[in-house]
Amino acid sequence: MYGWRGRIGLIVPSSNTTCEMEFHQMAPEGVSVQTARVFNPEITKEEEKEKAMMQMSSELLRAAKEVASVQPGVIIYACTTASFIKGPGYDKELGEKIKAETGIPGYSTITSVTEALNAFGLRRIVLATPYAQSIGGKETEFLQKEIPGMKIVAQKHLGYVANLPKGRLTPQVAYQTACEINRPEADGIFISCTNFRTIEIIEQL
């Protein structure tokens, strides 16, 4: 039986071509990943991004109910932008909605990122993303408001608005971007976006 140790319920944007593949590669033996999708409008204008993210998240509970039918131990909403776009607090609200709908613990991406940064005690980081500048700025603002003492000491955003092109970026792009902004005073590097391939270059970094 797949998932004899446990199952992860994963909800991804419909145009995400990376996250599901990386979850399958990283899952421990005996842990399965079951996926549902929410429709992600493929937009090209920065000013339309927030509306598109909210439209996508309106399908969250439908997708959560679907993936809950395999009885996973947890349900993850794997879109970074959708979970920070409305500022601190909204990310946890998304997780609470998943649990209220399914009875299964739910987490958004940026909630998990925040927990990871806290677990490692990181307070001065560099931030690399494929996002448009305005979206990258919102993430910087979120992290510095949400985590006491957090300082983004350098950042680079590659300027992509549409989602499919992000998934076409090679892992080498993530590596080179991280190296460009690395600073001696940084205690960690955060490469953001669930559609930005990274797992192949983590060890090299």
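The values are calculated or read from the model by the stated rules, or taken from the named source; none is laboratory data. Model, not experiment: these values are computed from the prediction. So basically every Cβ, Gly included, is an ideal-geometry build from the backbone, and we count neighbours across all protein chains shown. Remember, those area values only see protein heavy atoms, side chains included, never the ligands or the DNA or RNA. Shrake-Rupley method; radii C 1.70, N 1.55, O 1.52, S 1.80 Å.
How large, in percent, is the carbon and sulfur part of the accessible surface of the chain at a probe radius of 1.4 Å?
Carbon with sulfur: 52 percent of the solvent-accessible area.
Kindly identify the range 2-52 as rounded, prolate or oblate by the Cα gyration tensor criterion: order the square roots of the eigenvalues as a ≥ b ≥ c, call it rounded if a/c is under 1.5, otherwise compare a/b with b/c, prolate if a/b is larger, else oblate.
Note, shape of the range 2-52 comes out prolate.
Charges only on Cβ, +1 for Lys and Arg, -1 for Asp and Glu: so what's the dipole of the range 1-106 about the Cα centre, in debye to the nearest 20?
In debye, rounded to 20, the range 1-106 gives about 300.
Nearest 20 debye, what's the magnitude of the dipole of the range 103-205 about its Cα centre given +1 on Lys and Arg Cβ and -1 on Asp and Glu Cβ?
Charge dipole of the range 103-205: 220 debye, to the nearest 20.
Would the range 45-143 count as rounded, prolate or oblate if I go by the C-alpha gyration tensor, calling it rounded below 1.5 in a/c and otherwise prolate when a/b exceeds b/c, oblate otherwise?
It comes out oblate by the Cα gyration axes.
Quick one: dipole size for the chain, taken about the Cα centre, charges +1 on Lys/Arg Cβ and -1 on Asp/Glu Cβ, in debye to the nearest 20.
It works out to roughly 140 debye.
Figure the gain on full extension for residue 187 and residue 134 (residue separation times 0.36 nm, minus the Cα-Cα span) and round it to one decimal in nm.
So the chain would gain 16.6 nm between residue 187 and residue 134.
Using θ = phi - 60° and the Karplus curve 6.51 cos²θ - 1.76 cosθ + 1.60, what whole-Hz ³J(HN,Hα) does each residue of the range 25-37 get, with Gly and Pro shown as x?
Result, rounded to whole Hz: 5, 9, 4, x, 4, x, 10, 9, 10, 10, 10, 10, 10.
Within the chain, what's the longest stretch lacking chymotrypsin sites (Phe, Trp or Tyr not before Pro) that sit in DSSP loops with no more than 15 other Cβ atoms inside 10 Å?
121-205
Principal axis extents for the range 118-205, Cα atoms only, whole Å, descending order, please.
The Cα atoms of the range 118-205 stretch 34, 29, 21 Å along their principal axes.
What is the helix-to-structure angle for 109-119, meaning the angle in degrees between its Cα long axis and the longest Cα principal axis of the chain, kept from 0 to 90 and rounded to the nearest 10?
60
Per residue, how much accessible area does the chain show when a 1.4 Å probe rolls over the protein heavy atoms, in square angstrom?
That works out to 49 Å² per residue.
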